[in-house]
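Notes follow once the structure below has been shown.
The values are calculated or read from the model by the stated rules, or taken from the named source; none is laboratory data. Values in this document were obtained by computation on a predicted structure and should not be read as measured data. All accessible areas refer to the heavy atoms of the entire protein, side chains included, with ligands and DNA or RNA removed. Shrake-Rupley method; radii C 1.70, N 1.55, O 1.52, S 1.80 Å.
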Amino acid sequence: MTSGKALRRARHTVLTAEPLHGVAREASSPDSFRCEGREPTFRLRALTGVALPCGRIAFSGHCDRRGADLFATLIAVDSQEKEHRFAIPTTRAGRIEHVLRLPDVVIELRFMPLEGPGHVTLRSLAATRLTGLETVARMAGWIAFDLWTFRGTAACTDVGLDLKRSLTDLDGAYAASATLRAFPPRVPAHVRANLESERTHAAASDALARLAKDPPCITLVISGLRATAKELHDALVAVESQTRLPIETLVVVTPGSAVSEVVEGRHWHGGLVRVASPNEALDAVGSGSLLVHFSAHEAAPVPDALALLEATHRAHPGAAVVTTDEVCVANSGEAVEERCRGSAWNAERIEASLRVGTLTGFSMARLRDVGGMRCAATGEEAFDATLRLSRAPAAFQAVHVPHALAIARRAFDDRTPEETLAAHRSLAAHHAATSGAAVRPGLVSGTAHVAYPLPEALPKVSILIPSRDAFTMVHTCIESLRAKTAYGNYEIVIVDNGSRDDDAVTYLR
């Protein structure tokens, strides 16, 4: 800001990018920069004598990026030196055109084109002040364009964008629309959580309507191993929140455990919570067709989770296993940190991660055929049961409920050495009886590497590497493959998407 002079406010303000930190200009072009560190940042300056933009604006320009985390952020500092951050949707082609409201007074404007190291080219950055009517027109135009562009797909539904919302909540609809123009799209955690809750509730309502004519009796097995009294209490409260379905509950704890006092004689919905030791045969505890298992130390089910599991199992009566999605929440319990998506069946993923899921349903009849669920003090009974079911003589089928039906209390890879060892033993026994593969510890703690025996005549493996101008990364990738790959019969195919960098073109030739 020029000292002692009033700065002129322009309707259209041209902005120049000046490296602030984590950014170095490339010698090849004045508009190209190399980014380093976690938050490479530019300071945006207006022309001499012109004030920085403020209020309602349309931020535009071109930002061509290469890197791992391509999420752009505009940072405005107000007169109180408070930072205001705005996510800036940038298309795959690098186009920026976004409507936002800056503070009424802006003393500094910064731009972070990506997160982490990479390369970026910035051109034609500008801000155009908008009237209220212009703001509404531009926002509505983008929403209409996106609704038409993504018609017939699940994209708009995934971000919560529809015609009704655009009429009742223009700002929210525009924010949802902006995520569709971003590359890659980023949906805020609270938006994902709210959408997930709405979809699960709608699906559960349909499931309960189908189950009303013939209410099921669900056998619920809660592992109380390693759980505190509070964790077990919270797990039972979560079960009580399920819509009124007949539920038989068996809590598995070690003999003499203090947490058994939490469950002894507890009643609800006309049912009884019972306590068992790990050695008790669990396949004898229920008259229903579905057994649902989870660990009180790991997670708790969301409302109506059991109804969705039962309805899915009824729709696929031949399924031995019903898997679900789950989320891991922050310590505050407010923001979704991570979502683990399951699938109908992916043996390699399940075996490598040594887990089938936090909340899992099992066919009671199929469990009896393989000897029931074997509980042990390690708490890996669901994984062990799934492996035994998958190699049973009867045809194996698993189905998936595409909803987050469990809220995890701990990170997915937070296992004790005893739990990991027990899962490894189950997996080793499984492959000893099937493929003959060796089971070794994975590169990441709490995982496994299944080393299958190779045939005498090795099949050819094709390695496809898409590339455009990424000389350093492609060079590292190819030279690493050549130097470290022990497998002999492979080929490397470079998919060149119009490389223009001289070093990259020369190397590819």
Write down the accessible area per residue of segment 1-142 in Å², having rolled a 1.4 Å probe over the full set of protein chains. 51
Ignoring ligands, DNA and RNA, please state the percent of accessible area on segment 413-466 from carbon and sulfur, probe 1.4 Å. 61
For segment 373-479, rounded, prolate or oblate, judged on the Cα gyration tensor with a ≥ b ≥ c (square roots of eigenvalues), a/c < 1.5 rounded, else prolate if a/b > b/c? prolate
In square angstrom, what is the accessible area per residue of segment 376-509 with a 1.4 angstrom probe? 59
For Lys460, counting only lysines whose alpha-carbon sits under 25 Å away and dropping same-chain residues fewer than eight positions off, the answer is Lys484
Among rounded, prolate and oblate, which fits segment 465-509 when a ≥ b ≥ c are the square roots of the eigenvalues of its C-alpha gyration tensor, a/c under 1.5 means rounded, and a/b larger than b/c means prolate? prolate
Would you tell me the accessible area of Ser32, worked out with a 1.4 angstrom probe on the heavy atoms of the protein chains, in Å² to the nearest 10? 20
Area of His233 that stays accessible when all protein chains are in place (1.4 Å probe, Å², to 10): 80
Probe 1.4 Å - accessible area at Lys82, Å² to nearest ten: 120
